[in-house]
Amino acid sequence: MMRLASSLAVAVAGLTLGLSQPAHTAERSSGACAAARVLLEDVFSRSPPEKTALDEASAGKGAGQFVRQIAERHGASFATDGWRSRETGAVVKPPSAAAIKAFMAARHVSATACDEVRLDAGARGALLGASYAAVAPADGVGRFTRALHTISRPVVSPDGTEALAYFSEGHAPLAAAGGLVLLRKSRDGAWKIAGHLSLWIS
């Protein structure tokens, strides 16, 4: 009986703790998944779902690795220059210092950690959980059988107006690139891609 009472007390304490979490934390998590859907649509605009593979495992690893390398070399100032519009190539306003700090401190996971993103991508024919080996041509040269994309779940800034995510896109062993993507909320509350920062190319 004592053990049962103790277990119930722990469960109630856990429930209370969960309910007492700040509302803005849940809102930022929800905002991250809404931003992730925008990134998925961006991927599919360039690569039809049935020709797309999503490398989920590398999303967190890749983002974390580049964040560490960048922090060691440049500190938090890394993301103040080089932001451009993919459509026009024009220079765009960089993310805020608060958005950069939040991204640097975050635990990075794949955008498919958002259930709606994962379900939508799978339902539309994208190959989930893919890796280089899954899409590489049999002879090791030439184009991949599917475009290999990595997208990390966006990290939303404390004020909820910006989000940053890591991305990479590969079409062949020496036809790949990666970097950061910046999203901003428009006046109607929808996320829009504001710019990209290239970090590597092969």
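The values are calculated or read from the model by the stated rules, or taken from the named source; none is laboratory data. The structure displayed is predicted, hence computed values, not measured ones. Glycine also receives a Cβ, built like all others from the backbone with ideal geometry; neighbour counts cover every protein chain displayed.
Here are a few things to note about the model shown:
- Qualifying residue in the stretch 153-175 (condition: farther than 18 Å from Pro49 by Cα, touching a Phe, Trp or Tyr at 6+ places or on another chain (Cβ under 9 Å) and of a type in the set (Lys, Arg)): no
- Taken over the stretch 113-160, residues that are part of a loop (DSSP other than H, G, I, E, B) and surrounded by 17 or more Cβ atoms within 10 Å (Cβ to Cβ) amount to 9.
Each row is one residue, and each column tells you yes or no for (1) farther than 19 Å from Gly31 by Cβ; (2) part of a loop (DSSP other than H, G, I, E, B); (3) within 16 Å of the chain's Cα centre (by Cα); (4) at pLDDT below 85.
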site	(1), (2), (3), (4)
Gly62	yes, no, yes, yes
Gln65	yes, no, yes, yes
Gly75	yes, no, no, yes
Phe78	yes, no, no, yes
Lys93	yes, yes, no, no
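- Selection count, the stretch 161-200, where residues are of a type in the set (Lys, Arg) and either surrounded by fewer than 18 Cβ atoms within 10 Å (Cβ to Cβ) or in contact with a His (Cβ under 9 Å, 6 or more places away or on another chain) (or both): 2
- The residue that is modelled with the lowest pLDDT, among those in the stretch 95-111 that are within 11 Å of the chain's Cα centre (by Cα) and assigned to a helix (DSSP H, G or I), is Phe103.
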